[in-house]
1. Here's a check for you: in segment 91-126, which residue that is farther than 15 Å from Val58 by Cβ and open to solvent by less than 10 Å² (accessible area, probe 1.4 Å) is nearest to the chain's Cα centre (by Cα)?
2. All but one of (1) at pLDDT 95 or above; (2) under 19 Å from the mean Cα position of the chain (by Cα); (3) open to solvent by less than 30 Å² (accessible area, probe 1.4 Å) hold for Asn287; state the number of the condition that does not hold.
3. Could you give every pair whose Cβ atoms fall below 8 Å, whose first residue belongs to segment 124-136 and is farther than 20 Å from Ala248 by Cβ, and whose second residue is at pLDDT 95 or above and of a type in the set (Lys, Arg), counting only separations of at least 6 or pairs across chains?
4. Among the numbered conditions (1) among the basic types (Lys, Arg); (2) open to solvent by less than 20 Å² (accessible area, probe 1.4 Å); (3) in a loop (DSSP other than H, G, I, E, B), tell me where Arg221 comes up short.
5. Among the residues of segment 109-145, write down those that are outside any helix (DSSP H, G or I) and touching a strand residue (DSSP E or B) at 6+ places or on another chain (Cβ under 7 Å).
6. Being over 17 Å from Leu290 (Cβ atoms), modelled with pLDDT of 95 or more and aliphatic (A, V, I, L, M) is true for just one of Val114, Val168, Val136, Val160. Which residue is that?
7. Given the structure, is Asp260 over 20 Å from the mean Cα position of the chain (by Cα), among the acidic types (Asp, Glu) and either exposed (fewer than 14 other Cβ atoms within 10 Å of the Cβ) or in a loop (DSSP other than H, G, I, E, B) (or both)?
8. In segment 246-259, which residues are modelled with pLDDT of 95 or more, under 17 Å from Thr212 (Cβ atoms) and out of contact with any strand residue (DSSP E or B) (no Cβ under 6 Å at 6 or more places or on another chain)?
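The values are calculated or read from the model by the stated rules, or taken from the named source; none is laboratory data. In this text the structure is predicted, and so the values were computed from the model without any measurement. Counting neighbours? That spans all protein chains shown, and the Cβs are built from the backbone with ideal geometry, glycine included. The area values use the complete protein model at the heavy-atom level, side chains included, leaving out ligands, DNA and RNA. Shrake-Rupley method; radii C 1.70, N 1.55, O 1.52, S 1.80 Å.
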Amino acid sequence: MYKLRAPASSANIGSGFDSIGIALNLYNYVTFEESDEILVECEDEVPKDGTNLIVDTVRKVYAQAGRTFRGLHVIQENHVPMVRGLGSSSTCIAAGVSIAGKLMGDNLSLHDKVTLAAMIEGHPDNVAPALLGGFVAAALDHGEVYYQRKELDHDRIGFVAVVPDFKVSTEKARAALPRELPLQDAVYNLSRSALLTAAFLTENYGLLRIATKDRLHQRYRLQLVTGGEEILRKLLELGAYSSTVSGAGPTLLAAVPAGDKVVYEGISHFVSQAYPTYQVLRLQADNAGLVIV
């Protein structure tokens with residue numbers, strides 16, 4: 001049997017809608033082996049049959065390669081909160097393409113895995129950092145993913161996540177978005193997403209407060225997050241570089257100076273008083289991506 005570790009991820013980071021993500025040091029683990037049947041073991045409420053996302057992903061990769069899928073035995077150990085905007089489903093897709101590659105004789109390159117995962121997910125913002133680690137800007141173009149990755153220095157930047165006690169599905173979060181946007185809003189986001197990428201690649205984190213501003217999705221998704229606007233505002237008041245909706249939400253993510261205590265302790269106190277069922281996590285970037293351990 002083999003065992004892999006797949007990191008959580010935060011997508012969008014404000015202005016980088018469907019194109020930018022960061023891997024975080026919160027992990028799901030999957031133990032796996034070939035089998036003549038489908039056997040899924042997990043303490044959480046996940047499908048235990050062929051509709052399981054990991055199993056279904058392996059099946060799709062086998063089909064793409066023209067291979068016959070007979071079965072799979074997997075044991076899932078989940079630590080990434082599910083349906084909270086921290087890429088839990090992307091850990092499964094990343095795991096699935098990696099398992100398929102391993103069981104087919106390590107015949108998939110890392111680039112192949114990123115492209116297959118993005119095609120299955122529909123966009124690369126979560127699956128790319130889950131596989132690659134670090135900060136990733138990526139685009140899916142004509143069935144292939146093009147990306148730029150950067151490791152994040154733990155001595156320069158950290159993260160604080162506020163995780164609400166309720167779920168928001170990606171489908172519901174996308175349904176909240178308008179079908180059309182004014183041209184000026186599109187230009188607004190284009191300029192800030194370009195600045196966002198430059199800020200991370202050059203480690204000029206002072207730019208993040210401006211670079212993470214967004215007019216495409218956050219204002220609409222915050223309507224689904226009780227206290228969301230208030231918490232984002234408080235994070236900035238406490239000195240965070242930025243505060244954004246993580247993925248489709250409801251988790252809220254702040255980029256903070258390395259070794260930060262002020263933002264973490266301040267928001268922990270605020271949340272414990274105003275939203276006592278919410279969880280506050282101190283996190284770092286994961287620079288390894290998915291690894292078979």
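1. Of all residues in segment 91-126, those farther than 15 Å from Val58 by Cβ come to 109-111, 114-115, 118, 122-126.
Narrowing further to those that are open to solvent by less than 10 Å² (accessible area, probe 1.4 Å): 114, 118, 124-125.
Details: Val114: 14, Ala118: 12, Pro124: 10, Asp125: 7 Å.
It comes out as Asp125.
2. (3)
3. Close Cβ pairs satisfying both conditions: Leu132/Arg149; Gly133/Arg149; Gly134/Arg149; Gly134/Lys150.
4. All conditions pass for Arg221, except number (3).
5. Our first condition is that a residue be outside any helix (DSSP H, G or I); within segment 109-145, this holds for 109, 122-126, 133-145.
The answer is His123, Pro124, Asp125, Asn126, Gly133, Gly134, Phe135, Val136, Ala137, Ala138, Ala139, Val145.
6. Working: Val114 fails: over 17 Å from Leu290 (Cβ atoms); Val168 fails: modelled with pLDDT of 95 or more; Val136 fails: over 17 Å from Leu290 (Cβ atoms).
Exactly one residue qualifies, and that residue is Val160.
7. When the stated conditions are applied, Asp260 passes them.
8. Hit for segment 246-259 is Pro257, nothing else.
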